[in-house]
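Reading through the structure tokens given below for one structure.
Bear in mind these aren't lab numbers, they're just calculated from the coordinates by the rules spelled out. Quick caveat: nothing in here was measured; it's all calculated off a predicted structure. Cβ coordinates were reconstructed from backbone atoms using ideal geometry, including for glycine residues, and neighbour counts include every protein chain displayed.
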Amino acid sequence: MSDPRMTSSIFTRGAVDLSALRSTPPATSRPATPAQAGPPTGLPGAAGAAVTVIDVTEATFQSEVLERSLNTPVVVDFWAEWCEPCKQLSPVLERLAAEGGGAWVLAKVDVDANPRIAQMFRVQGIPMVYAVVGGQPIDAFSGVVPEAQLRQWIQAILKAGGVAVAEPEDPRLDEADDALMSGDLDAAERAYRKILAESPADAAAEAGLAQVGLARRVAGADPQAALAAAAQAPDDVDAQLLAADIEVLGGLAEQAYARLVGLVRRTAGDDRERVRQHLVSLFTVAGPDDPAVASARRALASALF
């Protein structure tokens, strides 16, 4: 019942009518199971820890989700005991919630025991996950998604909810960044590669290493002359790649992306692959959260396929 891709949909206020859930459900509603009626879960082993995971019923939805979301973002996980994909996604959400230490709360809703909640949220397949901020759903996705994408989605929800997201300081990264800023590219490369050897998915280190490559490629180049040469030779791959690098350094990343997407369309074989790889390296410089990168990735996919 799930779509393996994250399909996020932004909701405007009022798009999901939750008015029926703002009052006590009728007496005919299905009673909560003992697990659902249990207390909220905090950080493991911590007495009096912040609430991170809670089972929600129709009777508690208003207080535990709608009212709580006025102060703290709430992520609602719609699941069922028979749903195998739910068993993949829910543990990851629970772990990330505990890791968040109360910055956001995971509210788990068993759709079999609480059909009215699922109906109000227009849940057609599970797993389905909604983010509720200020008493209204603001975003959602369906299916099982990679943890890295989940983390990005949660960070965006926290920002939307006005929660300050502080990235932990990493002295290794500070050292690498200092070397890059001082122009010691060899030292910067060694430092970034060391971080990636220990943490292969470190996006900041990946971006830093890509910046080192960018700095090396433009070293000694005359920006004005390089851009002029590219304008005179639109199919010269070397000239276009250098021009794109200079545009990124000059704050014209979107222009650089468009330049190389266009070049992908005009080239073939090894040249095309070289341009594609170069463009991906420029995406890495900006990082995965840059809106311009997301747009350019779509344009690149269209050019390739």
(request) With a/c under 1.5 counting as rounded, go ahead and sort the range 134-279 into rounded, prolate or oblate using the C-alpha gyration tensor (a ≥ b ≥ c being the square roots of the eigenvalues; past the cut-off, prolate if a/b is larger than b/c, else oblate). (result) oblate
(request) Post the alpha-carbon centroid distance, the range 227-305 to the range 48-107, in whole angstrom. (result) 41 Å
(request) With a Förster radius of 45 Å, plug the Cβ-Cβ distance of Gln232 and Gln88 into 1/(1 + (r/R0)^6) and report the FRET value to the nearest 0.05. (result) 0.25
(message) Among Leu260, Phe283, Ala191, which residue has its Cα furthest toward the positive end of the charge dipole of the range 171-304, with +1 on Lys/Arg Cβ and -1 on Asp/Glu Cβ?
(response) Leu260
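Rounded to two decimals, what ratio of Rg to Rh does the range 263-305 give with C-alpha atoms and a Kirkwood Rh?
Across the range 263-305, the Cα-based Rg/Rh ratio is 0.98.
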(message) Using a Förster radius of 22 Å, what is the FRET efficiency between Gln255 and Ser302 based on their Cβ-Cβ separation? Nearest 0.05, please.
(response) 0.75
(request) Provide the per-residue ³J(HN,Hα) series for the range 98-110, in order, calculated from phi with Karplus coefficients 6.51, -1.76, 1.60 and θ = phi - 60°, each as a whole number of Hz, with x at glycine and proline positions. (result) 4, 4, x, x, x, 5, 8, 10, 9, 9, 9, 10, 6
(message) Cut-off is 10 Å between beta-carbons; in what order do Glu273, Glu84, Glu189 appear when sorted fewest neighbours first?
(response) Glu84, Glu273, Glu189
(request) Show which lysines lie in cross-link reach of Lys87 when reach means a straight Cα distance below 21 angstrom and same-chain residues fewer than eight apart are skipped. (result) Lys108
(message) What FRET efficiency comes out for Ala197 versus Asp290 if R0 is 22 angstrom and r is the Cβ-Cβ distance? Round to the nearest 0.05.
(response) 0.30
(message) Using each residue's phi in the range 123-133, evaluate 6.51 cos²θ - 1.76 cosθ + 1.60 at θ = phi - 60° and report the 3J(HN,Hα) Karplus result to the nearest Hz, with x for Gly and Pro.
(response) 6, 10, x, 10, x, 9, 10, 10, 10, 10, 9
(request) Work out from phi, with θ = phi - 60° and the Karplus expression 6.51 cos²θ - 1.76 cosθ + 1.60, the ³J(HN,Hα) of each residue of the range 147-162, listed in order in whole Hz, and give x for Gly and Pro. (result) 4, 4, 5, 4, 4, 5, 5, 5, 4, 5, 5, 4, 5, 5, x, x
(request) Multiply the residue gap between Asp186 and Val218 by 0.36 nm, knock off their C-alpha separation, and tell me the result in nm, one decimal place. (result) 10.0 nm
(request) Tell me which residues come under 5 Å, amide H to amide H, from Val53 once H is placed; ignore anything under 5 positions away on its chain. (result) Thr41, Leu106
